[in-house]
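Reviewing the structure listed below.
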Amino acid sequence: METVGAIEKKARKPGRPRAIPEDMEPVLVELYGQGYGYRAISRMLRNEHGLNPHFSSVRKTLIRLDVVKKRIP
């Protein structure tokens, strides 16, 4: 455990790996910048890179990278 100030910070357990690895994030940003949509990017990752992410995983990754703003209804 690590101590931060007066609070002990516990190490997190490993969780589920991301559907889109970190080394593929620049590819997502580039494809989105070229005008491709979430579903098209998901299809390209499946056909060309052997990944099978849902289009919402593409969307969430782009939101996390601050490429797309999160829509608030």
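The values are calculated or read from the model by the stated rules, or taken from the named source; none is laboratory data. Predicted model, so just to flag it, every value in this text is computed and none were measured. Note that each Cβ is placed from the backbone with ideal geometry, even for glycine, and that neighbours are counted across all protein chains shown.
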Inset, instruction - Please go through region 50-66 and pick out each residue that is under 14 Å from Arg18 (Cβ atoms) and not hydrophobic (A, V, I, L, M, F, W, C). - result: Asn52, Pro53, His54, Ser56, Ser57, Arg59, Lys60, Thr61, Arg64
Legend entry - Count of region 1-42 residues which are at pLDDT below 90 and either in contact with an Asp or Glu (Cβ under 9 Å, 6 or more places away or on another chain) or under 13 Å from Val67 (Cβ atoms) (or both): 6
Inset, instruction - Go over the candidates Asn47, Asn52 one by one and state the one that is at pLDDT 90 or above and either aromatic (Phe, Trp, Tyr) or in a loop (DSSP other than H, G, I, E, B) (or both). - result: Asn52
Inset, instruction - Just name the residue that is surrounded by the most Cβ atoms within 10 Å (Cβ to Cβ) out of those in region 57-72 that are of a type in the set (Val, Ile, Thr) and within 18 Å of Ser42 (Cα to Cα). - result: Val58
Legend entry - Where Glu30 falls short, out of the listed (1) in a helix (DSSP H, G or I); (2) under 13 Å from the mean Cα position of the chain (by Cα): (2)
